[in-house]
Every structure is written in structure tokens, then in C-alpha cells.
Amino acid sequence: MRRREESYREVAVDAMEIIIQPDPEHAGDLVAQEIVRLFTEKPTAVLGLATGSSPLPIYRALRRRFEAGEVSFAHGMAFTLDEYVGLPYGHPESYRAVIRREIADHLDLPPESLTTPQPHTDDLDGAAAAYDQAIRDAGGVDFQILGIGENGHIGFNEPGVSLGSRTHVGTLTPSTREANARFFEGDLDQVPTQCITQGLGTIMEARQIVLVATGPRKAEAIAQLVEGGVSQKWPATILQHHPRTTVIVDEEAAAGLELLDHYRASYGAVPTWRAT
Ligand code: F6R
């Protein structure tokens, strides 16, 4: 399936945009507003969805706005970032199940328009390559939602990953498995060790990226992402090379940023977010 060529407000920006919000709910609603605006202008848009806790306020806000009749996803498509390998089919913590439960099943997005990596196969490398190709065939992701790991991962691109990586089979670090044990009754043994994840090179092809992070545990990763050197050690830093990335944080996650006053002033100078 090939997508039409129309482009959604291709805006060139001079820097990563940093927006500080008072709490996760405000951050979520700001992103939901932008998604509504995208689908109003381009009903066939392709959404990139993330799992984990950070996007949940976005999904709550998006559900409210959909229920209020502000937006339709009937002609849209969605791809997730990643999927665990090794969970039984239909496991409630598989990312396909999570995304359906938290957002997709509550919208008018046709079920066949949600695509997630296929971990139930003997050919995981083939499944990863097919996923990368499916995103390309859809015309690429218009709007990618991201969270960030405490170690700077995006998707499941753990420290050391190639900055140009495509969708691949990856191994979760012990710290990521520990962080995610909360979704598996706190039992580390239940957390898979492997995943299929969009690569950094794949994520970088999204036309617009919004990364959301809240709470003090994300402060170091945010400082590295925004002001550190680009390095495989902090995979999210590759986003410094992306032409249109917005980072939305609360005060706690922003606490390690040296140029905070500048970011506040820059955002305050624009009347509405990325007004065009
Ligand atoms: C989720 C994902 C991860 C999470 C990250 C932060 O699909 O790929 O990169 O975004 O681990 O997770 P939370 O938001 O739970 O802190």
C-alpha cells in the first residue's frame, strides 16, 4: 500500500524545541492538540505510537478529544516502536495488547491500520526487516511519539546501538528490564530479554518527533539528550540531528538543563506551539 505524497506542514526549525509543562496531563494535552491538528490537515497521516508510562496522558487526552468529535483516525495508520520477543501470543503486556488497550481500540482507527512488529516467528530478523519495509510502504511516519529510558534509550535502542540502525532484534539491558518489571508484577524473571525495535535510523525518518519525559529519574537522560554530545552511549542524542523534534518535560525532568531560561524564553516567544 502506497501513501499519497501530500506533506503535513513541513516546517524547518533551527533547534530542538524544548517545552516545559507543569505536569504530565498538560504535556499530554499539548501533544494531543498537535495530533488533532495533524489529522485535521492530513486525515491519512501515519502515527508512531510508544508504550510505557510517559505517553499515557497523551492517549487519555487523545481519547477525550476523539470522543468529543474533534478528530477521526478512520483514514489514518499507526505503527508502534517496538515489541517484546518471547511473550505468549496475546499476553496483556505485549506492546500490541498495551497499545490496543490504552489507545487504538478507543479510536476509529481500523484494526488493520495498526501495525506492530511480529515476534511470533522463527525468522525474527526477517520480521524486523519486514516491519521497516512496512513503515516505508506506508509513506513513513508523520508524527512519532517517544518516551526515553533512564539510560537514554528510545524505542529499545539501548546504549551502544548503531546511530544508523534499522528495525532490528535487540537485547534489553538489565536496567531496562528492572524498570519494566513493574508491568510484570515486579518479577524480573517475567520480563523478556529480547525485543524487535525500530532502529535509530528508522525513527529519524519520522517527519515530526515529540518526546515526552516527566519526573526526576529522567533528568540525566534529558540533559544528555538536549545538551550532551551525540553518542551511542546515550542513543536519544541522535535526535539532535533531526530537523523537527520537540521535547516536552516537566520541571523535574528539566532539572539538569543548563540553558533552561533560554528554552523558556524561546517557547514563550511563539504564541502557540509551532504556529505556522
Ligand atoms: C516504549 C519504548 C521505551 C519507553 C521508555 C520510557 O515503546 O520504546 O523507549 O518509551 O522505556 O518508558 P516510560 O515512559 O515507562 O518511563
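The values are calculated or read from the model by the stated rules, or taken from the named source; none is laboratory data. Predicted model only: the values in this text are computed from it and were never measured. Note: ideal-geometry Cβ built from the backbone for every residue, glycine included; neighbour counts use all protein chains shown. The area values use the complete protein model at the heavy-atom level, side chains included, leaving out ligands, DNA and RNA. Shrake-Rupley method; radii C 1.70, N 1.55, O 1.52, S 1.80 Å.
Table for the structure above
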{"quantity": "Heavy-atom accessible surface of the chain: percent carbon and sulfur, 1.4 Å", "calculated": "51"}
{"quantity": "Protection-proxy order for peptides 94-101, 235-242, 181-188, each taking the mean of Cβ atoms within 10 Å per residue, highest first", "calculated": "235-242, 94-101, 181-188"}
{"quantity": "Global size of the stretch 80-145 as Cα Rg and Dmax, reported in angstrom", "calculated": "12.3, 33"}
{"quantity": "Mean separation of Cα contacts under 8 Å, 6 or more apart, over the residue count of the stretch 32-84: relative contact order %", "calculated": "55"}
{"quantity": "Antiparallel DSSP beta bridges within the chain, percent to nearest 5", "calculated": "30"}
{"quantity": "Cα shape, the chain, gyration tensor, a/c 1.5 rule", "calculated": "rounded"}
{"quantity": "Listed residues Glu205, Glu17, Glu258, most fluctuating in the chain (Gaussian network, C-alpha, under 10 Å)", "calculated": "Glu258"}
{"quantity": "Accessible area of the chain divided out per residue, in Å², using a probe of 1.4 angstrom", "calculated": "44"}
{"quantity": "The chain - percent relative contact order, Cα under 8 Å, separation 6 or more", "calculated": "24"}
{"quantity": "Cα gyration tensor shape of the stretch 121-276, rounded if a/c is under 1.5, else prolate or oblate by comparing a/b with b/c", "calculated": "oblate"}
{"quantity": "Two-site FRET efficiency, Arg264 against Arg217, from Cβ-Cβ distance with R₀ of 25 Å, rounded to 0.05", "calculated": "0.65"}
{"quantity": "Under-5 Å amide H pairs with Lys233, H placed in peptide plane, nonlocal only", "calculated": "Gly160"}
{"quantity": "Under the span-like rule (Cα at least 20 Å along the axis, Kyte-Doolittle mean at least -0.5), DSSP H helices of the chain", "calculated": "24-41"}
{"quantity": "GNM top mover of Glu158, Glu41, Glu83 - the chain, alpha-carbon springs below 10 Å", "calculated": "Glu41"}
{"quantity": "Between the stretch 109-143 and the stretch 205-233, the alpha-carbon center distance in angstrom", "calculated": "25"}
